[in-house]
Amino acid sequence: MKPTRLAAAAFAAVALSVPLTLVASAAPVVDDRSPGHAKKDTLRRAAPKGFHIGTAVAGGGHHESQPYPDPFTSDREYRRVLAAEFSSVSAENQMKWEYIHPERDRYNFGMADRIVRFAKQNRQVVRGHTLLWHSQNPAWLEEGDFTADELRSILRDHIKRVVGRYRGDIQQWDVANEIFTETGELRTSENIWIRELGPGIIADAFRWAHEADPKAKLFFNDYGVEGVNAKSDAYLALIAQLRAQRVPVHGFSAQAHLSTRYGFPGDLQANLERFAALGLETAITELDVRMDLPESGVPTDAQLAQQADYYNRTLTACLNVDGCDSFTIWGFTDKYSWVPVFFEGEGAATVMWEDFSRKPAYSALRSTLASASRR
Ligand code: XIL
């Protein structure tokens, strides 16, 4: 059953009207903030069998310029919630080129290894992110003076080494990330690989990744491709072409960095369905819903209700599409969200407050997962 806008608003009202002081009181008050409740009624427990509910694991990237230590290794409460709530984890930055391959002859696998180990210990699958991208590449690569042959073997070696290291441990790899512009052109000038080696390198990246881990599902991933538009059209055409050439492409995923400033992409489900019709898996990989913060810094009830509605509709669209079995939010607590760092004046984009207490969006997700489990 798909909860309506009103249902999401009702979650907001309920969650906000429960006074904090009631937290410690005995049953029947259902309060998402009570620790006992948190143990049993989690997202992963509510989810239908085979449906993976994931989050990014905070670390690297913007976190390195924040006044706190590495969240994943330093924050025990963070790790507890990460294990309790999610059945899938994605490396937020720890498998990106600049992080995992900081010098030409040196890899830095430490943190990625820890994430993969943590996932095994907690019966979670892992999404690998990412292998061919225009952003967050190390200076030695972007500023190096390499011949085309050298660049080709640099990419090949990287993919073989990184994908091979986690062979069997990664459920889905974002092989290619953000290769198209809004108008559906390849990002040729920005993307070092496409610029220097031509568009054929994209197929090679998928082939190399497949050789290194034949079981991993290989994805194209991008933002702004939630709806049917020039960019998602470009992916549909490219993927159809690659599949016709038997290139091992298995999935298409929408990041879903949404904002309450804009309308919800109401054709999300229809868009995912046209990729499913090609025989592809689909996924939501980086969902967050940012909002303009009022001067007080505290979102209004109406904003939280709208946010819950966007989270809920994104989840519902995925649940409704065959082969959309992986749904990942880009961080679960505002404590570590990338949003305030990248979008001035915006924030509160995740499903939990900084103290890990749950927002209406959290309740909306859990309730929709539970309904889907019963249908
Ligand atoms: C973001 C991370 O969350 C930040 O920590 C980092 O500083 C920048 O990148 N699309 C993607 C993600 O594919 O890798 C980006 O993650 C967000 C947009």
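The values are calculated or read from the model by the stated rules, or taken from the named source; none is laboratory data. As the structure is a computational prediction, the values presented were derived from the model and not from experiment. Note that each Cβ is placed from the backbone with ideal geometry, even for glycine, and that neighbours are counted across all protein chains shown. Just the protein is used for accessible areas: all its heavy atoms, side chains included, with ligands, DNA and RNA removed. Shrake-Rupley method; radii C 1.70, N 1.55, O 1.52, S 1.80 Å.
Worth a mention:
- In the chain, the longest principal axis of the Cα atoms and the axis of helix 230-244 are about 50 degrees apart.
- Greater than 30 Å apart at Cα, pairs in LYS120/LYS217; LYS49/LYS231; LYS217/LYS359; LYS215/LYS359: LYS49/LYS231; LYS217/LYS359; LYS215/LYS359
- Relative packing of peptides 340-352, 302-314, 104-116 - highest average C-beta neighbours within 10 Å first: 302-314, 340-352, 104-116
- DSSP-defined beta bridges in the range 39-373 - what % are antiparallel, rounded to 5: 10 percent
- Percent of Cα-Cα distances greater than 23 Å, calculated over the range 90-239: 35 percent
- Accessible solvent surface per residue of the chain, calculated while the other protein chains remain in place, 1.4 angstrom probe, Å²: 42 Å²
- Estimated at 0.36 nm per residue, the fully extended path between GLN245 and THR147 surpasses their Cα-Cα distance by 32.5 nm.
- Computed from Cα atoms, the angle from the helix 360-374 axis to the main principal axis of the chain rounds to 80 degrees.
- Relative contact order for the chain, counting Cα pairs under 8 Å that sit 6 or more residues apart, in percent: 20 percent
- Restricting the calculation to alpha carbons of the chain gives Rg and Dmax of 20.4, 69 angstrom.
- ASP325 long-range amide H proximity, modeled H, under 5 Å: THR282
- Global form of the range 197-353, assessed from the alpha-carbon gyration tensor, a/c cut-off 1.5: prolate
- Taking the average, over residues, of other Cβ atoms within 10 Å as the packing measure, peptides 213-221, 325-333, 158-166 rank 325-333, 213-221, 158-166 from highest down.
- Here the peptides 71-81, 92-102, 51-61 are ranked by packing, the mean other Cβ count within 10 Å, and the order with the highest first is 51-61, 92-102, 71-81.
- The long axis of helix 148-165 is offset from the longest Cα principal axis of the chain by roughly 40 degrees.
- Shape metrics for the range 299-340, restricted to C-alpha atoms - Rg then Dmax, Å: 12.6, 36
- With contacts taken as Cα pairs under 8 Å at a separation of at least 6 residues, the range 45-112 carries a relative contact order of 35 percent.
- Taking the 1.4 Å solvent-accessible surface of the chain as the whole, the part contributed by carbon and sulfur is 51%.
- Projecting the Cα atoms of GLN66, TYR78, LEU141 onto the charge dipole of the range 66-175 (Cβ charges, centred on the Cα centre) puts TYR78 farthest toward the positive pole.
- Mean residue ellipticity, 222 nm, helices only, the chain: the sum of -39500 (n - 2.57) across DSSP H runs of n ≥ 4, divided by residue count and rounded to 500, is -12000 deg cm²/dmol.
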